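Worksheet: one structure, shown below.
Computed from the coordinates by the stated procedures, all read-outs in this text should not be read as laboratory data. For clarity, every value in this text was computed on a predicted model and none was experimentally measured. Glycine gets a Cβ as well: all are built from the backbone with ideal geometry, and neighbour counts include every protein chain shown.
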Amino acid sequence: MEADDLKPVSIRFDDDVDAVDWVVAKVALAADDFDNGRSPDQLHRSFAQSQHVVFGWDGAELVAMGRLISDGVCNAYLLDVWTSSNHRRRGIGTQLVRRLVEAVPGQHVGLQTADRSDFYGSLGFVEQPRFWSTVSGTWLDGEGHSAT
């Protein structure tokens, strides 16, 4: 899709986790190569248990989403920021991230990305020198996680 082909869209943002059809959301994420293996139920729980969530809708179609977890004091972590490939480069992701970051004033907001440094840099994020992580046990195989 050429930049000239991009038409402005009117996006409605909300935080209603229960308005999302998580089966449809998982299909959309997989189609955009943005699926990390969570089931629809696990996706739902990931968003429902986050302190802040934002969903972007083009009519009845879910076209963007993201979430933020926070200790409520000084540290927050931005996760699962996605905009449908058919809706990118129209400012939707920027609005979504800004809404999430503005929900935690005074907090350090971190994130991890492999390929969107330019996007996050344009929003004021600065690359940090190191990020370490581990998985407790087997990925997505802990208590309370459904295999379906």
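Can you find, within region 102-116, the residue that is surrounded by the most Cβ atoms within 10 Å (Cβ to Cβ) among those that are outside any strand (DSSP E or B) and touching a strand residue (DSSP E or B) at 6+ places or on another chain (Cβ under 6 Å)?
The selected residue is V104.
Taking region 38-77 as the region of interest, how many residues are part of a strand (DSSP E or B) and either β-branched (V, I, T) or under 25 Å from G91 (Cβ atoms) (or both)?
19
Going through region 78-101 one residue at a time, which ones are part of a helix (DSSP H, G or I) and surrounded by fewer than 17 Cβ atoms within 10 Å (Cβ to Cβ)?
If the condition is that a residue be part of a helix (DSSP H, G or I) and surrounded by fewer than 17 Cβ atoms within 10 Å (Cβ to Cβ), then S85, N86, T94, Q95, R98 are the ones that fit.
Within the set of pairs 6+ apart or on separate chains, which have a first residue in region 75-101 that is over 22 Å from N36 (Cβ atoms), a second that is part of a loop (DSSP other than H, G, I, E, B) and of a type in the set (A, V, I, L, M, F, W, C), and C-beta atoms under 7 Å apart?
Here the result reads R89/L6; R90/L6; R90/V9; T94/L123, each pair linking region 75-101 to a residue that is part of a loop (DSSP other than H, G, I, E, B) and of a type in the set (A, V, I, L, M, F, W, C).
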